[in-house]
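One structure below.
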Amino acid sequence: MYTSAQEAIQNIQSNTRVFLHGSAATPVRLVNEMIAQKDRLYNVELISITQMGVQLNDPALAGHFFMNSLFVSESNRKAVNQGMGDYTPVFLSEIPLLFNRNILQIDIAIVSVSPPDKHGYCSLGTSVDIVKSALRSAKFIIAQVNPNMPRVHGDGFIEFSRFDLAVWTDDPLPEVSYASSATAAHDQIGKIVAELVEDEATLQLGIGSIPDAVLKNLTNHKNLGLHTEMFSDGVIPLIQNGTINNSRKKIVKGYCVTSFLLGTKKLYDFADDNPIIKSLDIDYVNDPRILSLNNKVTAINSAIEVDLTGQVCSDSIGTYQFSGIGGQMDFIRGAAISEGGKPIIALPSETNKGISRIVPYLKQGAGVVTTRGHIHWVVTEYGAVDLFGMNLNQRAKALISIAHPKHREELEKATLERFKS
C-alpha cells in the first residue's frame, strides 16, 4: 500500500516538470529525498508557490533542478535571483489557468495529505489553493501521507485511489510565528487599521506582525466575517469569542473561507475537522467578482515601498525578486468593488535600516503589484490616507503626511520639483 520515499522519487526522471505542494503542506520528506537523488537528475523543473521546511538555494543543485517559482520565498529566493531559477508573474487567482490550459503541463505532482478516512478520502489539509488544478493536470501523483496533516473541510478532499504512489510519514508540519517580531510601529499600525474596520466587515489579511496587530485590536468589533486566501493563528481568538461569526456575509455565510492555513501547531489542531472552516480552490477564493459580493470587504495587505503617486511595490527590491504578486491585487480589487469595501495597504514608514518606504520613485526595476489606479487606503504608524479620487500632487502631499517625519523634507522637495507646487 505504501512505498519508501527513495522508491517513490525514483519515478522522477530528468527533463520533467514536477509540481510541489506548498506552505505548511510542503512534502518535506519527499523533497529532501529528491535533493538526495540529484546526481541522477538533470533539468528537472520545479513548479511551486511558497515552500517551507526545505532549502532549494544550494548552488550544488544548479543544472539538476530549475526553480520556476510562482511565488518566491526564502527557500528558493537565492536560486531564483542567481540564475538557478526564475519567477513567473501571475495573479494567485489565475494560477489554475496555467494548469487548466496546459500552459504548464505537470508530469509529476508531489503532495502532502491526511490519512484516508473510512470512505477512502484524504484531505489536502493546510493548502488547497492551487493544488486541485495541478493534480488534474498531472500525469503521475505521489502523496506523502501524514497523520499530523489536519483534515480540513472544503474542496481539499481527494480519493486515495487517485495517487499512483503513497509514502507514509509521521513528521511535524512546518510552522511560522511572528509573535516575537512585532515593533511599536506594527502595534500602532494595527490600531489605526482596526479603526478603519467597520462592524459586519468581511476581512482578508495575511500573516505577519501587522495582521496580528490588527487582529488584536478587533476584539470589540461585532459580526465580522472572514474570506481570505490565508488563515493564521491570529484569527482563532476572534472566532472563539464570537467577533468573527460570518453572520453578515453574503456568500458562504456562516463559514470562514480560506485557501490555505499557515501558522503554528495550535492553528493546525484548531482547523482539524472544524466545520466552521472551508478551505476552497484559489480561483474561487481570490476571484474579485466573487469576493465583492460580500459587503464591506476590508483587504489588508502590505508593501515594500510606495511611491508618491500611489504605485505599490510589494514583490521585489529593485530587480531583486523577493516574493510575488500573490493575491494582493485580487483582494485590493475585490474590496474596491465591494459595497462599502476598503482596500488597505499597511506598512511601516521606514525599513529597519531607517530608509523611507514612501519614496519619490520606486527603485529601478521594481515591480508594481498594486497600480495607482487601484490604490485606495495607505496606512503607516503616522496615520491613514485614502488616495482614491486624488490627483498626483494631492496624493504626494497626503502620503508625505504619513511618512516618517525625518524623511518628509526630502519628499516635499521631490514633490515641488515634480509638480511645481
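The values are calculated or read from the model by the stated rules, or taken from the named source; none is laboratory data. The shown structure was predicted, so the numbers you read here are calculated from the model rather than taken from an experiment. Using ideal geometry, Cβ is built from the backbone for each residue, glycine included, and neighbour counts are taken over all protein chains shown.
The set of residues in the stretch 32-59 that are surrounded by fewer than 18 Cβ atoms within 10 Å (Cβ to Cβ), out of contact with any Leu (no Cβ under 9 Å at 6 or more places or on another chain) and assigned to a helix (DSSP H, G or I) comprises Asn32, Ala36, Asp39, Arg40, Pro59. Within the stretch 1-18, the set of residues being surrounded by 20 or more Cβ atoms within 10 Å (Cβ to Cβ) and either assigned by TED's automatic domain parsing to the domain that holds Ile282 or within 22 Å of Pro115 (Cβ to Cβ) (or both) comprises Ala5, Ala8, Ile9. Residue-level check: of (1) within 20 Å of Ala138 (Cβ to Cβ); (2) not in a loop (DSSP other than H, G, I, E, B), Ala25 misses just (2).
Tell me whether the stretch 186-202 contains one or more residues that are aliphatic (A, V, I, L, M), modelled with pLDDT under 95 and either within 20 Å of the chain's Cα centre (by Cα) or more than 20 Å from Lys265 (Cα to Cα) (or both). Reasoning before the result, please.
First pass over the stretch 186-202, keeping only residues aliphatic (A, V, I, L, M): 189, 192-194, 196-197, 201.
Now drop any that are not modelled with pLDDT under 95, which leaves none.
Within the stretch 186-202 (the criterion being aliphatic (A, V, I, L, M), modelled with pLDDT under 95 and either within 20 Å of the chain's Cα centre (by Cα) or more than 20 Å from Lys265 (Cα to Cα) (or both)), the answer is no, since none of the residues qualifies.
Taking the condition charged (D, E, K, R) and over 30 Å from Asn76 (Cβ atoms), does Glu381 pass? When the stated conditions are applied, Glu381 passes them.
For Phe388, the criteria (1) without any contact (Cβ under 8 Å) to a residue 60 or more places away in the chain; (2) more than 27 Å from Glu200 (Cβ to Cβ); (3) aromatic (Phe, Trp, Tyr) hold in every case but one, which is (2). Of the residues making up the stretch 4-27, those that are among the aliphatic types (A, V, I, L, M) and within 19 Å of the chain's Cα centre (by Cα) are Leu20, Ala24, Ala25. Please specify each residue of the stretch 389-421 satisfying the condition of being part of a loop (DSSP other than H, G, I, E, B), touching a strand residue (DSSP E or B) at 6+ places or on another chain (Cβ under 8 Å) and surrounded by fewer than 21 Cβ atoms within 10 Å (Cβ to Cβ). Of everything in the stretch 389-421, those that are part of a loop (DSSP other than H, G, I, E, B), touching a strand residue (DSSP E or B) at 6+ places or on another chain (Cβ under 8 Å) and surrounded by fewer than 21 Cβ atoms within 10 Å (Cβ to Cβ) turn out to be Ser401, Ile402, His404.
Out of everything in the stretch 358-380 that is part of a loop (DSSP other than H, G, I, E, B) and over 21 Å from the mean Cα position of the chain (by Cα), what residue ends up being surrounded by the fewest Cβ atoms within 10 Å (Cβ to Cβ)? For the stretch 358-380, the residue satisfying everything is Gln364.
Scanning the stretch 277-288 turns up no residue that is aliphatic (A, V, I, L, M), in the same structural domain as His376 (by TED's automatic domain parsing) and within 27 Å of Pro405 (Cα to Cα). Within the stretch 257-271, being buried (at least 17 other Cβ atoms within 10 Å of the Cβ) and either acidic (Asp, Glu) or farther than 14 Å from Pro172 by Cα (or both) holds for Val257, Thr258, Ser259, Phe260, Leu261, Phe270, Ala271.
In a loop (DSSP other than H, G, I, E, B), crowded, with 21+ Cβ neighbours inside 10 Å and in contact with a Ser or Thr (Cβ under 8 Å, 6 or more places away or on another chain) - does that describe any residue in the stretch 78-101? Scanning the stretch 78-101 turns up no residue that is in a loop (DSSP other than H, G, I, E, B), crowded, with 21+ Cβ neighbours inside 10 Å and in contact with a Ser or Thr (Cβ under 8 Å, 6 or more places away or on another chain).
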